[in-house]
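What follows is a short report on a single structure.
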Amino acid sequence: AAGLWTVFTLGGVGSKASAQLEQCSPLASQSLLLLLVLANLTDAPDAPNPYRQAIMSFKNTQDNTAFSSSNPHAFQINFNSLYTALCEQQKSDQATLLLYMLLHQNSNVRTYVLARTDIENLV
């Protein structure tokens, strides 16, 4: 989960342009690309893609509901930090693709983003 957190926050690099992001934090950029590739692999006939399952099911650490461990791929991250990092990195195609994937596949992220009052930062 810690490795995914680093990917989701894009290495905490702030609001740098894509070319500068590649130079300053190539590991974060390459990790994000790897996560996107792994999450978009097709499911095997006998087993679903575990990376896609993780993307679809993670929850907010600040959520008051009980965290169910029935899903082996479930984990929690801070949605506020994720939202801030995605807002700062919208010039990056990879971050935009991650945002698109999260909004369409994770209902927890979608609900959080729609409840934000500063959604214009994301748009």
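The values are calculated or read from the model by the stated rules, or taken from the named source; none is laboratory data. All figures in this text were calculated on a predicted structure; none of them were measured in a lab. Here the Cβ positions follow ideal geometry from the backbone for every residue, glycine too, while neighbour counts run over all protein chains shown. What goes into the accessible areas is simple: the full protein's heavy atoms, side chains included, and nothing from ligands, DNA or RNA. Shrake-Rupley method; radii C 1.70, N 1.55, O 1.52, S 1.80 Å.
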**Study point:** Neighbour cut-off at most 16 other Cβ (10 Å), DSSP loop, trypsin sites (Lys or Arg not before Pro), segment 68-123
**Key:** K91, R116
Exercise for review: Take the Cβ-Cβ distance between A115 and D93 as r, set R0 to 35 Å, and report the resulting FRET efficiency rounded to the nearest 0.05.
Suggested key: 0.85
**Study point:** Coil-residue chymotrypsin sites (Phe, Trp or Tyr not before Pro) of segment 39-123, DSSP, other Cβ within 10 Å capped at 13
**Key:** F67
Study note, to complete from the structure: With label points set 7 Å from each Cα along the Cα-to-Cβ direction at Q30 and A74, the distance between them in nm comes to 3.4
Exercise for review: Would you grab the residues whose amide H sits under 5 Å from the one on Q76? Only those 5+ places off in sequence or on another chain, please, with H modelled 1.01 Å from N.
Suggested key: K59
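State the extension gain, in nm to one decimal, for the chain segment bounded by L38 and V123, taking 0.36 nm per residue of separation less the distance between their alpha-carbons.
On the way: separation 85, 0.36 × 85 = 30.60 nm, distance 2.64 nm.
My answer for the length gained is 28.0 nm.
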Practice item. Roll a 1.4 Å probe over the protein heavy atoms and report the accessible area of E88 in Å², nearest 10. Key: 80
